[in-house]
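S.K.: Provided herewith is a single structure, encoded as structure tokens, for subsequent inquiry.
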Amino acid sequence: MDKYMYINGQWVAAVNGQTRTIINPYNQEPVANVPEGDETDTQAAINAAREAFDYGVWPYKPATERGNIVLTIAELIERDKAELAELETMDTGKTLTESLDDMSDIADVFRYYGGLADKDDGDIIDSPIPDSRSKVVREPVGVCGQITPWNYPLLQASWKLAPALATGNTIVIKPSEITPLTTIKVTELMEEAGVPMGVVNLVLGPGTKTGQLLAESHAVDLISFTGGIETGRKIMMAASGNFKKIALELGGKNPNIVFADADFETAVDQALNAVFFHAGQVCSAGARLLIEDTIHDAFVEALVERTKHITLGNGFDSSVQSGPLISKEHLRKVENYVAVGVKEGAELIIGGKRPEDEVLQAGFFFEPTIFINCDSSMRIVQEETFGPLLTIERFSTEEQAIQLANDSKYGLAGAIWTNNSDKGGRVASQLRMGTVWINDFHPYFAQAPWGGYKSSGIGRELGKQGLDEYTEVKHVFENTNPTPLNWF
Ligand code: NAD
């Protein structure tokens, strides 16, 4: 199948004529050809979004009408959920069950922000100046550049598109060059829902030639990025040219803390779920397991036993629990981290290599991998490996668990397993992270904010906070005294 970019209401190829073949990471078979755009296409998309914001109707449309269009997008996603999920599985290798789940979450995100679109009436301020009126209103920021990663292609796009549309902004979205298919499809749905020409523009191509210009351009007012820490740094620097607003959702190295009083069986199952879900390619993966000394050995034994039974394979096969890594380059990166871990003195107790199964050799598979005897000085404990790689440390006191969990440049998410609710609350309040789960791992939803402390990012997505990112705050003061105070 051939796909196109969407600029100023037209489906177009790249001006340079280049294309990229999208492959299925399960077997490396081609699934689509897409344009490989560059700065020329990106500039055209920025111009279209600028024009639509400065002279178009979208920012001034009644918020209820904008909200209804966003709600229609949610309905269309529900209608085409099966097709969208299949595209996501073909593009990323993740299981179809997971892709279907993502699509439900994505429809929820559009529904949530469609519903919120007309709920902000502004604030009347009790002005201290006699004979005056004062109000505070929120307005759209302007042209928004949105750059997304490959691990949750459409989910991450929805967290940006829905609040930006609901608040009246115009958009240039650039998905990861290796996983653009669902973002292309949802752009078709946005067109069908009645989003006017120029309001949403889709550019495809490598980040250095497309995303970089979005971050640099003085015609872009906001850049929202989800991806790795090094790219985030480049974007932040490029964005400083016109001091555009920035929202960065970066990586994580998320601690999963198991106290001895936790429900043992549930905590073991969930420790696997925390790290091996989507082959560990999750920003909030529980890749650092901290286990209380007294249960450490039994816990590790149970974990290894269950890890042996994780089924790898084709995401379209319903018995499969985990798909491949996204690409050859990423597979090499994860393999390299295993070598680093061994060199650092961590003990590899399961996995650490590609599976021997011949069918799986065609894809980018890697076995679920566990290291024990790890400590905070190790790179495999500190760096985001973004693969099925678990490091295990032990602790003996609550204070030590907190200290180890916080000993990271990241601060995205973490979890605590305990049957003592006071302890759970106490520890949660001391973890320097944007999300803390107690006796669970992974839940997120449209209504609750998502984002990181420390180097895990700037700003929040989802929740009311995610909507605020896409608005400027304006104070309107009106004097009603015909002879206002005059100093001259
Ligand atoms: P990446 O940083 O390599 O790429 C992300 C996007 O940035 C892609 O679209 C890419 O084309 C673009 N890009 C690359 N160079 C650019 C440049 N110089 N200027 C502008 N754009 C550029 O990340 P990835 O490998 O696609 O995704 C994995 C990363 O995403 C992980 O670090 C993960 O933790 C992070 N992530 C974070 C969250 C979160 O919510 N915090 C969610 C999902 C993924």
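The values are calculated or read from the model by the stated rules, or taken from the named source; none is laboratory data. Remember, it's a predicted structure, so these values are computed and weren't measured experimentally. These area figures cover heavy atoms from the full protein model, side chains too; ligands, DNA and RNA do not enter into them. Shrake-Rupley method; radii C 1.70, N 1.55, O 1.52, S 1.80 Å.
S.K.: Counting helices only, and only those DSSP H runs with n ≥ 4, report the 222 nm mean residue ellipticity of the chain as the sum of -39,500 (n - 2.57) divided by its residues, in deg cm²/dmol to the nearest 500. Don't skip to the end; give the middle numbers.
M.R.: On the way: 16 runs with 186 residues, N = 488.
Only helices count here, giving -11500 deg cm²/dmol.
S.K.: When the Kirkwood radius is taken over all Cα pairs of segment 277-322, what Stokes-Einstein diffusion coefficient follows at 25 °C and 0.890 mPa s, in µm²/s? If you can, show how the numbers build up before the last one.
M.R.: On the way: Rh = 12.6 Å.
In µm²/s, the coefficient is 195.
S.K.: Under a 1.4 angstrom probe, counting protein chains only, how are Trp150, Trp58 ranked by accessible area, largest first?
M.R.: On the way: Trp150 50, Trp58 0 Å².
Descending order: Trp150, Trp58.
S.K.: Run the numbers for Ser319 and Arg79: contour at 0.36 nm per residue of separation, minus the present Cα-Cα distance, in nm.
M.R.: Numbers: separation 240, 0.36 × 240 = 86.40 nm, distance 2.57 nm.
Between Ser319 and Arg79, full extension yields 83.8 nm more.
S.K.: Where the centroid of each part is defined by its Cα atoms, how far is segment 216-263 from segment 456-487 in Å?
M.R.: Between the Cα centre of segment 216-263 and that of segment 456-487, the gap is 24 Å.
S.K.: Mind jotting down the distance between the C-alpha centroids of segment 330-401 and segment 133-190, whole Å?
M.R.: The two parts, judged by their Cα centres, are 34 Å apart.
S.K.: How do Phe276, Phe445, Phe488 stack up against each other in accessible area, from largest to smallest, with a 1.4 angstrom probe?
M.R.: Details: Phe276 15, Phe445 115, Phe488 220 Å².
Ranked from most to least accessible, the order is Phe488, Phe445, Phe276.
S.K.: Enter the mean projected area of the convex hull around the alpha-carbon atoms of segment 187-257, in nm², rounded to one decimal. It would help to have the intermediate numbers written out before the result.
M.R.: On the way: hull surface 27.7 nm².
The Cα convex hull of segment 187-257, projected and averaged over all directions, gives 6.9 nm².
S.K.: Largest first, what is the accessible-area ranking of Arg426, Arg20 with a 1.4 Å probe? Let's see the in-between values first.
M.R.: Numbers: Arg426 105, Arg20 60 Å².
Putting Arg426, Arg20 in descending order of accessible area: Arg426, Arg20.
S.K.: Starting from the amide H of Val172, placed 1.01 Å from N in the peptide plane, find each other amide H under 5 Å away whose residue is 5 or more places distant or on another chain.
M.R.: Amide H to amide H, under 5 Å and 5 or more residues apart or across chains, Val172 pairs with Cys144, Gly145, Gln146, Asn201.
S.K.: Still on this structure: Hey, can you grab everything whose amide H is under 5 Å from the amide H of Val31? Only 5+ residues off in sequence or another chain; H modelled, so Pro and N-termini drop out.
M.R.: Here Ile22, Ile23, Asn24 satisfy the definition.
S.K.: In whole Hz, with x marking every Gly and Pro, tabulate ³J(HN,Hα) for segment 278-285 from phi via Karplus 6.51 cos²θ - 1.76 cosθ + 1.60, θ = phi - 60°.
M.R.: So the J values, rounded to whole Hz, are 6, 6, x, 8, 9, 4, 9, 4.
S.K.: Greater than 30 Å separation of Cα atoms is the criterion. Which listed pairs, Lys3/Lys409; Lys3/Lys253; Lys244/Lys454; Lys94/Lys209; Lys333/Lys454; Lys174/Lys409, meet it? List each step's numbers first, then the result.
M.R.: Working: Lys3/Lys409 40 Å; Lys3/Lys253 36 Å; Lys244/Lys454 20 Å; Lys94/Lys209 28 Å; Lys333/Lys454 24 Å; Lys174/Lys409 28 Å.
Violating the 30 Å Cα-Cα cut-off are Lys3/Lys409; Lys3/Lys253.
S.K.: Restricting to the chain, what percent of DSSP beta bridges are antiparallel, rounded to 5?
M.R.: Details: 29 of 67 bridges.
DSSP beta bridges in the chain are roughly 45 percent antiparallel.
S.K.: Could you please state how large a percent of the accessible area of segment 22-164 is carbon and sulfur, counting protein chains only and using a 1.4 Å probe?
M.R.: On the way: 2850 of 5710 Å².
Summing carbon and sulfur atoms, their accessible area is 50 percent of the total for segment 22-164.
S.K.: Using alpha-carbon positions, what is the distance between the centroids of segment 265-283 and segment 105-121, in Å?
M.R.: About 30 Å separates the Cα centre of segment 265-283 from the one of segment 105-121.
S.K.: Then there's this: For the chain, what number results from the quotient of the Cα radius of gyration and 2.2 N^0.38 Å? Could you put the intermediate results ahead of the total?
M.R.: Numbers: Rg = 23.9 Å, N = 488, 2.2 N^0.38 = 23.1 Å.
In units of the globular-protein estimate, the chain measures up at 1.03.
S.K.: With a 1.4 Å probe and every protein chain left in place, work out the accessible area per residue of the chain in Å², rounded to a whole number.
M.R.: Accessible surface, normalised per residue, equals 41 Å².
S.K.: Counting pairwise Cα distances across segment 255-438, what percent come out greater than 29 angstrom?
M.R.: Values: 3033 of 16836 pairs.
In whole percent, the share of Cα-Cα pairs in segment 255-438 beyond 29 Å is 18.
S.K.: Next question, about the same structure. Roughly what % antiparallel, to the nearest 5, for the DSSP beta bridges in segment 362-488? Don't skip to the end; give the middle numbers.
M.R.: Numbers: 3 of 10 bridges.
Just about 30 percent of them are antiparallel.
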